[in-house]
Structures are given as C-alpha cells and as structure tokens.
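Contents: one structure, followed by commentary.
The values are calculated or read from the model by the stated rules, or taken from the named source; none is laboratory data. Note that the structure is a prediction, hence the values are computed from the model and not measured. Because the Cβ atoms are built from the backbone with ideal geometry, glycine has one as well, and the counts that use them run over all protein chains shown.
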C-alpha cells in the first residue's frame with residue numbers, strides 16, 4: 001500500500017528529466033514501487049516508465065526488479081550474514097538440497113560465499129571424495145573436519161559483514177585452481193542484463209569461478225530474478241545450469257530454457 005506522501009506526488013506531463021528526479025524521490029520515500037504504480041503517479045504510459053527505469057538503472061540510480069524498481073540507497077546497503085540467513089531461507093534450503101544432488105562423488109567443486117551456497121555445502125556432507133575450494137568462512141565452517149571432503153580456501157581480506165575472503169590475493173589464489181563444477185550466487189539475475197552484483201570484488205571472484213570450471217551452476221531464489229545490480233558479472237549464457245525455487249516467474253524459466261540453459265526448480269517436496 002502506498003503512503004500518503006506517495007499518493008500526493010501524482011503529477012502530469014513532466015519533462016523526462018523532471019520525471020527521472022520524481023521517480024528517485026518516490027522510490028526513496030517508498031523503498032520499492034512497480035511500473036503500474038509509477039505510471040499512475042506520474043501520468044505517463046507504462047512503456048515510458050520502463051524506459052525511465054532502465055535508464056536510471058544503467059546509471060546506477062536505482063535497482064531494477066521484476067516489474068518495478070528498488071531505491072538504490074536501500075539496495076546498495078550490504079546486509080549482514082545474519083540478516084541474509086533469515087531471508088527466503090525455506091527457498092534457499094530447497095535450492096541447496098537440489099543443487100547438491102547434481103554434484104557427484106569424486107568431483108572438485110568451487111563454491112562462492114553466500115547463504116544459498118552454504119545450503120549447498122550442508123547437503124554435500126554425505127558425498128564421497130569431494131574437493132571443495134571456497135572463499136566463504138561460513139562454508140569453511142560447515143565443511144571443515146569432514147573426512148570425505150578435501151577443503152581449500154584462499155587468502156585475502158575478510159569482510160566484516162559477510163565473512164567473505166575477497167581482494168586481489170584471493171583472486172590470484174582462485175586463478176591457480178580448475179574444478180569440475182562451480183556453484184555461484186549473485187545479487188541480480190535478468191534475461192537481458194545477465195548476472196549482476198552490488199560489489200566489485202565479489203563480481204571479480206564470480207567471474208574467475210565461471211572461467212575455471214567445466215560446469216557452471218547458478219543458484220538463485222525467486223527474489224533475485226529480474227533484479228539488475230550495479231556491477232555486470234556475466235551474460236546469462238555464462239552459466240550452464242540455473243537452480244531456483246517454485247516462486248520463480250514462469251516466463252523467466254521459459255525464456256531461459258529457450259536459451260539452452262538447463263533450469264531446475266526446487267519444490268517443498270523432494271526438491272526436484
């Protein structure tokens with residue numbers, strides 16, 4: 001529901017530059033709005049609003065979502081690991097179970113940091129003879145000490161919010177390895193704009209993992225589909241497999257499969 005501030009901001013026939021400024025003002029007040037809401041508030045067509053949002057996203061003024069936009073000042077704030085753990089946890093858990101089933105015994109696997117990839121790691125504990133390379137302290141903590149897993153990590157700076165090892169040292173260390181499979185997560189997944197990240201250092205790591213593995217798996221819950229973050233990472237065709245949940249938009253899944261990318265949809269049942 002829109003606040004009184006938003007409903008009082010409706011204007012007609014504004015110039016494009018003024019409309020852009022008004023969009024940012026409205027998003028800063030509301031946090032998130034969809035295309036139809038903005039079209040009604042600004043008195044223009046939904047097509048014009050979509051063009052406005054795409055432009056403002058390209059220049060880093062907002063974050064595009066599936067059907068709307070989020071204020072950049074909110075979207076750019078890094079959530080702590082604790083906050084991320086509780087967001088869409090049921091979907092991430094289903095995705096983790098299904099993704100782990102795609103990894104066979106004896107493989108080498110690169111995992112980037114994140115809550116969804118941690119869920120994958122939890123479901124790898126029953127596998128045999130795995131080699132895992134990761135920059136996520138949460139994943140290291142999950143897998144450390146298990147005799148069936150040979151575990152490698154990388155050097156670099158540890159971020160205080162996400163407990164991730166990043167920077168030039170970690171990038172150089174990752175470059176030394178090649179693996180059968182990588183499992184990566186990003187902040188935004190869009191058919192046209194591909195994979196995007198809010199953090200340049202995380203984007204650098206993700207690119208290396210995609211370049212240094214034979215099979216590339218993207219894990220993403222429904223909330224990231226349609227989002228476009230600030231830093232381009234790779235086109236959608238840069239991955240071979242996408243594992244998502246049953247709340248993912250059906251048209252997104254259909255378009256991605258037509259691109260030749262395998263999509264697995266995790267459900268609340270058996271995770272298949």
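Quick rundown of the values:
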| item | result |
| --- | --- |
| Subset of the stretch 40-62 (residues that are surrounded by 18 or more Cβ atoms within 10 Å (Cβ to Cβ) and under 23 Å from residue 192 (Cα atoms)) | 49, 52, 53, 56, 57, 61, 62 |
| Test: residue in the stretch 144-167 that is crowded, with 24+ Cβ neighbours inside 10 Å and assigned to a loop (DSSP other than H, G, I, E, B) | no |
| Selected residue [in the same structural domain as residue 122 (by TED's automatic domain parsing) and under 21 Å from residue 230 (Cβ atoms)] from 150, 159, 181 | 159 |
| Condition met for residue 233 (more than 22 Å from residue 102 (Cα to Cα) and either assigned to a loop (DSSP other than H, G, I, E, B) or in the same structural domain as residue 207 (by TED's automatic domain parsing) (or both)) | yes |
| Residue check, residue 227 under 20 Å from residue 249 (Cα atoms) and crowded, with 22+ Cβ neighbours inside 10 Å | yes |
| Evaluation of residue 171 against (1) more than 22 Å from residue 88 (Cα to Cα); (2) part of a strand (DSSP E or B); (3) touching a residue at least 24 places away in the same chain (Cβ under 8 Å) (one fails), failing number | (2) |
| Restricting the stretch 247-272 to residues that are touching a residue at least 24 places away in the same chain (Cβ under 8 Å) and touching a strand residue (DSSP E or B) at 6+ places or on another chain (Cβ under 7 Å), the residue that is surrounded by the fewest Cβ atoms within 10 Å (Cβ to Cβ) | 249 |
| Breaking point among (1) at pLDDT 95 or above; (2) crowded, with 20+ Cβ neighbours inside 10 Å; (3) assigned to a strand (DSSP E or B), for residue 214 | (2) |
| Members of the stretch 234-243 found to be surrounded by fewer than 24 Cβ atoms within 10 Å (Cβ to Cβ) and more than 13 Å from residue 259 (Cβ to Cβ), listed by number | 234 |
| Matching option when the condition is over 17 Å from residue 256 (Cα atoms) and in contact with a helix residue (DSSP H, G or I) (Cβ under 8 Å, 6 or more places away or on another chain), among 187, 221 | 187 |
| Options 268, 188: the member that is more than 18 Å from the chain's Cα centre (by Cα) and either over 26 Å from residue 141 (Cβ atoms) or assigned by TED's automatic domain parsing to the domain that holds residue 130 (or both) | 268 |
| Residue pairs meeting the criteria (Cβ under 6 Å; at least 6 apart or on separate chains; first surrounded by fewer than 14 Cβ atoms within 10 Å (Cβ to Cβ), in the stretch 3-29; second modelled with pLDDT of 80 or more) | 10/41; 12/43 |
| Within the stretch 123-139, considering residues that are at pLDDT 95 or above and not in a loop (DSSP other than H, G, I, E, B), the one surrounded by the fewest Cβ atoms within 10 Å (Cβ to Cβ) | 131 |
| Every pair of residues 6+ apart whose Cβ atoms lie under 6 Å, when the first sits in the stretch 206-235 and is farther than 19 Å from residue 111 by Cα while the second is part of a helix (DSSP H, G or I) | 225/252; 228/57; 231/200; 231/203 |
